[in-house]
Amino acid sequence: FMNTQYAWIAIGPANQQEGSGITMLRTADGGLSWQKGSINDPVVSLVDVPHFINAQQGWVELSSTPGAGSAKSDIWSSHDSGQSWAQLASNKSTSGLNLGYVTGISFRDAQTCIATGNLGAGGDNTVPSIALTRNGGKTWQTKSLPHLLGGYVNPSNNSQPPIFFGNTVI
């Protein structure tokens with residue numbers, strides 16, 4: 001929900017089964033009426049919440065079922081209030097979004113986003129990692145977060161999406 005009028009709901013496939021894509025619902029009148037759309041991403045089984053920065057521009061991250069040390073994650077964008085969606089980035093591409101697992105995304109504006117997760121089977125999963133874009137998701141820079149408080153003890157650590165407060169990120 002963005003405010004009392006605008007809201008978007010992403011509904012993943014039944015039983016997290018890949019193949020059917022997802023259903024997107026949107027309202028612009030506080031829930032009195034809803035419009036239905038879809039994203040036909042055949043590998044999706046897990047869905048993050050939609051992230052809209054205004055009534056027109058939004059993003060959603062969709063992931064496949066994890067396996068073999070990673071999961072495919074696609075980031076989709078909409079510039080028409082969620083009526084249509086286009087794939088913006090994938091962690092299985094050459095864009096630099098090199099996270100084996102993406103655990104969520106946060107957009108500050110149409111250009112700046114942080115994706116969170118870990119490096120997957122090809123990297124050090126004892127530290128959480130982030131990927132940053134400053135050009136709307138065309139290219140990404142992936143960084144591991146520093147070991148804190150003596151390091152981490154789990155074999156796989158994931159960070160959660162940050163929250164933007166203007167130019168400050170928490």
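The values are calculated or read from the model by the stated rules, or taken from the named source; none is laboratory data. Worth saying up front: this structure is predicted, and the values here are computed from it rather than measured. Here the Cβ is made from the backbone with ideal geometry for all residues, glycine too, and neighbour counts use every protein chain on show. We work out accessible area using only protein heavy atoms, side chains counted, and drop any ligands, DNA or RNA first. Shrake-Rupley method; radii C 1.70, N 1.55, O 1.52, S 1.80 Å.
If packing is taken as the average count of other Cβ atoms within 10 Å, what order do 88-101, 7-20 fall into, highest mean first?
Taking the mean over residues of other Cβ atoms within 10 Å, the ranking is 88-101, 7-20.
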For LYS138, counting only lysines whose alpha-carbon sits under 19 Å away and dropping same-chain residues fewer than eight positions off, the answer is LYS72, LYS92
Given the candidates PHE107, THR168, GLN56, the one whose Cα lies deepest towards the positive end of the charge dipole of the chain, counting +1 at each Lys or Arg C-beta and -1 at each Asp or Glu C-beta, is THR168
Quick calc, the chain, dipole around Cα centre from Cβ unit charges on Lys, Arg (+) and Asp, Glu (-), nearest 20 debye, gives 220
Probe 1.4 Å, heavy atoms of protein chains only: per residue, the accessible area of region 50-99 in Å² is 38
Computed for region 1-100: size of charge dipole around the Cα centre, +1 on C-beta of each Lys and Arg, -1 on C-beta of each Asp and Glu, debye to nearest 20, value 60
Expected unfolding gain across THR65-GLN87 under the 0.36 nm per residue rule, minus the alpha-carbon gap, is 6.1 nm
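Quick one: pull the percent of accessible area on the chain belonging to carbon and sulfur, 1.4 Å probe, ligands and nucleic acids left out.
Roughly 54 percent, rounded to a whole number.
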